[in-house]
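Undergrad: Have a look at the structure that comes next, please.
No lab work stands behind these numbers, since they all come straight from the coordinates. Computed from a predicted structure; not experimentally measured. Using ideal geometry, Cβ is built from the backbone for each residue, glycine included, and neighbour counts are taken over all protein chains shown.
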Number of protein chains: 2
Amino acid sequence: MRPTVHDIAAAAGVSLATVDRVLNQRPGVRLVTREKVEAAIRQIGYVRDVAAANLAKGRIYPIVFILPTGDNSFMHGLRSEVRHATLRSSFERTEIRIVEVPAFDVSALVAALDALQGRDLAGVALVATDAPEVWAAVDRLVYERIPVVTLVSDLTDSARHHYAGIDNIAAGRTAARLLGRFLGGHDGDITVLAGSMLVRDHRERLEGFSAVMAAEFPRLRLLPVLEGRDDPELARSLVSKALSASKDIIGVYSLGAGNRGLIAALKAVRPKRELTVVVHELTQHTRAALMDGTIDAVLNQDAGHEVRSAIRVMKAKADGQSVIADQERIRLDIFLKDNLP
Amino acid sequence: MRPTVHDIAAAAGVSLATVDRVLNQRPGVRLVTREKVEAAIRQIGYVRDVAAANLAKGRIYPIVFILPTGDNSFMHGLRSEVRHATLRSSFERTEIRIVEVPAFDVSALVAALDALQGRDLAGVALVATDAPEVWAAVDRLVYERIPVVTLVSDLTDSARHHYAGIDNIAAGRTAARLLGRFLGGHDGDITVLAGSMLVRDHRERLEGFSAVMAAEFPRLRLLPVLEGRDDPELARSLVSKALSASKDIIGVYSLGAGNRGLIAALKAVRPKRELTVVVHELTQHTRAALMDGTIDAVLNQDAGHEVRSAIRVMKAKADGQSVIADQERIRLDIFLKDNLP
DNA sequence: AAATTTCTGATTTACGTACATCAGAAATCG
DNA sequence: CGATTTCTGATGTACGTAAATCAGAAATTT
């Protein structure tokens, strides 16, 4: 059986109340006594029963998620995961509120962050647009000892406590290698569709992609990046234009959202044009396109994992506990048509 | 605030004791009363506080893991994950015992299973060798109402409650597509290294691999399967022999363990021979080989996830609860040199 | 209608921790 | 040395559930 507070009290030769004062860092314990208790705790290997502790304190964790609006499937999925988490909130002693702000809108994001100042929050999670004003607003919350976690996309320079998302440089590199290897030794152009260079995840994916392409697949040339603002309709028109402008395009890497538009553009030129395509985010549209051969590979981050990880981290930070970095690592999923879940 | 048993009692107009009888399916409640209570439970949306319930019952779950011996890295990793779980056992109210049996040894496995009959166990997890005697032994345990979970490799025909492992047909198909696409349109032979056709995971991987190869990459021919018994030394010699016997081999798929030997054999012919290689299981050896280019892709199942999932499932079954299938799905990880964890 | 059996209610203790109160001991101060 | 101040012990309640006991009500049988 696992040791309890009673065992500590007996081992240290003090009362339960004193053990409690030491454990919860309450005042009223002499230094020598405190050390005696701490020695006993180490010696018998006591570990607090978190379930019982939570039951006793009945604490709740008020949490805010700041999510961008936009009708692309990835953000839909993310919002739905957060909502799903609100359904479990009574079990997890959380109270989750969702705040929506326009995508890529720095001042709106800053306003949303500043509105949270002075609130008694256990944590704030945000999909960050990477700008100095945002760093500052985040740091203001951090200064107030509110745990802040970036979700999906990180901030370059800020005191945020944690980033819950994939390694986007690695994702870009992986995309490049898949595309490069799938294209064998062929020569040709590659077009890249991004959402916006204002967000760090897209910049990093491009960075990793370009690096591997340049170093290992010199026969493939990158065309200027198309910025589709994660908007299906804009993505469709940009890609269509690019495909008709250059007949040398043999590969496409879509590193943002709005793939519905990309897929429409691809289908319009199929099967005349043979294209190898790697995209990000598994949605109903990319899944179907992967199945029918329009897309060759999908890189994915599991939005559900990210949301749950973010919540775990915020709760841990709010309790002043450390997080197990390895356990909170978000994996990059690679889907071909054969291993779809 | 979340509703409690007291709220149910008040809503149903019965006593706490009656609510408890209904909730824990104890006898002594008339049908009409039981229905009244169940209606109240549904109506106020009561959900049992599992933490408090576990605290109150103080139940422990005795669990046995049956693992094959063998010095390949994958089984080492699996054993170490199970041991790691034993360290957490006091938190999770489990009491885990590990039983080791020789790999691919049907009668030893049956003996180990039968030795567990009549014990009061919350669950048995085993890496199964797929044979009728094993199906029968597993079914004997199931008949005694002991939850049984297969780990890594499943059984064809048995009443085991759950399988904690990847979809091996999908894994084989994925390997085929990666290898096929990486080899462009080239002609040549593919050699397949397996552990043993006695285990279902290896058979299924081969099945999926062969199917996609035949259907989509007709210019690649499969050579007869090499059975390395997951033994590094045997694997090395088999692969070396095969490579010198046929100069047409341009690809290798290793679907079992013992990759240390495969890698040694590959390094012996490098860089003269250009080979595209896809293997299973990320270990220190395959990781290094992926980094240095000896291997092109690694398919992986996360042993830690499998062990934790198996434990969750056994506990749920022991409590008569259902498992959330989707949550217990083990994902197939694909690693290229760019996305190693 | 009495005797029995089957339900139900009321109450209590327990799980391991948090937290509050109050009395008394020990240390420190004047 | 007495008067504070600071520390410690003893004790009780609470969290939400499990589980047991016993008395009494209701239903069933005789």
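Undergrad: Bin by bin, in steps of 20 Å, what percent of the Cα pairs in the protein assembly as shown do you find, going until the bin that has the longest distance?
TA: The calculated distribution, bin by bin, is 16, 42, 35, 7, 0.
Undergrad: Which of the trypsin sites (Lys or Arg not before Pro) found in region B:130-188 are loop residues per DSSP with 10 or fewer other Cβ atoms within 10 Å of their Cβ?
TA: Counting only loop positions with at most 10 other Cβ atoms within 10 Å, the trypsin sites (Lys or Arg not before Pro) in region B:130-188 are B:ARG145.
Undergrad: Over region A:168-300, what relative contact order in percent results from Cα pairs under 8 Å that are six or more residues apart?
TA: For region A:168-300, the relative contact order is 27 percent.
Undergrad: Which value, in debye to the nearest 20, describes the size of the charge dipole of the protein assembly as shown about its Cα centre when Lys and Arg Cβ atoms bear +1, Asp and Glu Cβ atoms bear -1, and nothing else is charged?
TA: Value, rounded to 20: 1060 debye.
Undergrad: Also, quick follow-up: Over the alpha-carbon set of region B:284-341, divide Rg by the Kirkwood Rh and report the Rg/Rh ratio to two decimals.
TA: 1.19
Undergrad: Could you work out the helix-only [θ] at 222 nm for chain A, with each DSSP H run of four or more residues adding -39,500 (n - 2.57) and the total divided by the number of residues, to the nearest 500 deg cm²/dmol?
TA: Counting only the DSSP helices, I get -14500 deg cm²/dmol.
Undergrad: Which ³J(HN,Hα) values, rounded to whole Hz and listed in residue order, are derived for region B:85-93 from phi using the Karplus coefficients 6.51, -1.76 and 1.60 in 6.51 cos²θ - 1.76 cosθ + 1.60 with θ = phi - 60°, glycine and proline given as x?
TA: 3J(HN,Hα) across region B:85-93, in whole Hz: 5, 5, 5, 7, 4, 5, 6, 9, 6.
Undergrad: Dividing the convex hull volume of the alpha carbon atoms of region B:158-207 by its residue count, what do you get in Å³ per residue?
TA: It comes to 84 Å³ per residue, whole-number rounded.
Undergrad: To continue, here is another question. Quick one: Kirkwood hydrodynamic radius for region A:18-108, alpha-carbon pairs, angstrom, one decimal?
TA: The Cα-based Kirkwood calculation yields 17.0 Å.
Undergrad: Also, quick follow-up: Provide the packing ranking of B:57-66, B:275-284, i.e. peptides ordered by the mean count of other C-beta atoms within 10 Å per residue, highest first.
TA: Going from most to least packed, we get B:275-284, B:57-66.
Undergrad: Something else: Just the Cα atoms of region B:168-301: what Rg and Dmax do they give in Å?
TA: 13.1, 35
Undergrad: Using alpha carbon centroids, what distance separates region A:149-199 and region A:130-145, in Å?
TA: Between the Cα centres of region A:149-199 and region A:130-145 lies a distance of 24 Å.
Undergrad: Per-residue HN-Hα couplings for region B:4-12, Karplus 6.51 cos²θ - 1.76 cosθ + 1.60 at θ = phi - 60°, whole Hz, x for Gly and Pro?
TA: My calculation for region B:4-12 gives 10, 4, 5, 5, 4, 4, 5, 5, 8 Hz in order.
Undergrad: A further question on this structure: Do you know the relative contact order of chain B, to the nearest whole percent, from alpha carbon pairs under 8 angstrom that are 6+ apart?
TA: For chain B, the relative contact order is 14 percent.
Undergrad: Counting residues in region B:203-255 as N, plug N into 2.2 N^0.38 Å and put the Cα Rg over that result.
TA: Region B:203-255 yields a ratio of 1.20.
Undergrad: Among B:VAL269, B:VAL149, B:VAL50, what is the fewest-to-most ranking by other Cβ atoms within 10 Å?
TA: By the 10 Å Cβ count, ascending, the order reads B:VAL50, B:VAL269, B:VAL149.
Undergrad: Given N residues in chain A, what is its alpha carbon radius of gyration divided by 2.2 N^0.38 Å?
TA: 1.23
Undergrad: Amide H neighbours of A:GLU95 under 5 Å, counting only residues 5+ apart in sequence or on other chains, H built in-plane at 1.01 Å?
TA: Under 5 Å from the amide H of A:GLU95: A:TYR61, A:ILE63.
Undergrad: Can you compute the charge dipole magnitude of region B:279-341 about its Cα centre, using +1 on each Lys and Arg Cβ and -1 on each Asp and Glu Cβ, nothing else charged? Give it in debye, rounded to the nearest 20.
TA: Once rounded to the nearest 20, the dipole reads 280 debye.
Undergrad: Quick one: which of A:LYS315/B:LYS36; A:LYS267/B:LYS272; A:LYS272/B:LYS272; A:LYS36/A:LYS315; A:LYS247/B:LYS267; A:LYS57/B:LYS317 span more than 32 angstrom between C-alpha atoms?
TA: Flagged as over cut-off: A:LYS315/B:LYS36; A:LYS267/B:LYS272; A:LYS272/B:LYS272; A:LYS247/B:LYS267.
Undergrad: In square nanometres, what is the average projected area of the Cα convex hull of region A:86-201?
TA: About 9.4 nm², averaged over all directions.
Undergrad: For B:ASP120 and B:GLU95, calculate 0.36 nm times their separation in residues minus their Cα-Cα distance, and state this gained length in nm to one decimal.
TA: Length gained, B:ASP120 through B:GLU95: 7.8 nm.
Undergrad: What is region B:226-297's relative contact order, in percent, from Cα pairs under 8 angstrom and six or more apart in sequence?
TA: 31 percent
Undergrad: Restricting things to Cα coordinates, could you compute the convex hull volume per residue of region A:5-56 in Å³?
TA: Measuring per residue, one finds 72 Å³ for the Cα hull of region A:5-56.
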